[in-house]
Every structure is written in C-alpha cells, then in structure tokens.
1. For residue 16 and residue 63, calculate 0.36 nm times their separation in residues minus their Cα-Cα distance, and state this gained length in nm to one decimal.
2. In degrees between 0 and 90, to the nearest 10, how far off the longest principal axis of the chain does helix 2-19 point, with axes built from Cα atoms?
3. Ignoring ligands, DNA and RNA, please state the percent of accessible area on the range 30-71 from carbon and sulfur, probe 1.4 Å.
4. For the chain, what is Rg from Cα atoms divided by 2.2 N^0.38 Å, rounded to two decimals?
5. Quick one: helix 38-66 against the long Cα principal axis of the chain, what's the angle to the nearest 10°, folded into 0 to 90?
6. Hey, can you rank 37-48, 17-28 by average C-beta count inside 10 Å, highest first?
7. Could you report the chain's accessible area per residue, 1.4 Å probe, as an integer in Å²?
8. Compute the FRET efficiency between residue 31 and residue 9 as 1/(1 + (r/R0)^6), taking r as their Cβ-Cβ distance and R0 = 25 Å, and round to the nearest 0.05.
Amino acid sequence: MRKLIGTIVIILVLWVGFFGCEKYNIEPFILNWFNSDEPAKLEKKIKKVNKVLKEKEDTFKNVTESINIEE
C-alpha cells in the first residue's frame, strides 16, 4: 500500500509539473525550468568565478615564491 501511495504522489507531482493546474493556479514548473535561461546565466557566472579564482591563485603563487624563508 505504501508503494502505491508513493507512486501516485510521484505521478501527481510530474503531472502538475508538466501540465500545471488551472484550478489551483499552479504553473507547469518543470517546463518553465527547462525553458528558462538560468543554465546559460549560471554557466557565465561559473566562468567568471573561475577566472577570478585563477587570478587570485596566480597572485598567491607570486607572493609565496617571493618570500624567502631563511633558517
């Protein structure tokens, strides 16, 4: 019985996610998620962060190489 209820809930979530529900004013959130431009924006942000981290890493290496530790 527990598996049947779980299966029904999953089917309902997928149905509402793809087709929405006008009665309760729910938009099809899965289709909106697939059609959004968020992945492209996220990719640009990731590239920008990687560039900044690479610059920081280079400056850190330059600073650490310039420090002479004498014993």
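The values are calculated or read from the model by the stated rules, or taken from the named source; none is laboratory data. Note that this is a predicted model, so its numbers are computed, not measured. Here the Cβ is made from the backbone with ideal geometry for all residues, glycine too, and neighbour counts use every protein chain on show. Accessible surface areas use protein heavy atoms only, side chains included; no ligands, DNA or RNA. Shrake-Rupley method; radii C 1.70, N 1.55, O 1.52, S 1.80 Å.
1. Working: separation 47, 0.36 × 47 = 16.92 nm, distance 5.57 nm.
Value of the extension gain: 11.3 nm.
2. 80 degrees
3. Working: 2570 of 4400 Å².
So the carbon and sulfur contribution to the accessible surface is 58 percent.
4. Details: Rg = 25.0 Å, N = 71, 2.2 N^0.38 = 11.1 Å.
Cα-based Rg divided by the globular estimate yields 2.25.
5. That works out to roughly 20 degrees.
6. Numbers: 37-48: 9.6, 17-28: 11.4.
Sorting 37-48, 17-28 by mean packing, highest first, produces 17-28, 37-48.
7. Working: 7270 Å² over 71 residues.
Heavy-atom SASA per residue in the chain reads 102 Å².
8. Working: r = 20 Å, r/R0 = 0.79.
Once the sixth-power term is evaluated, E becomes 0.80.
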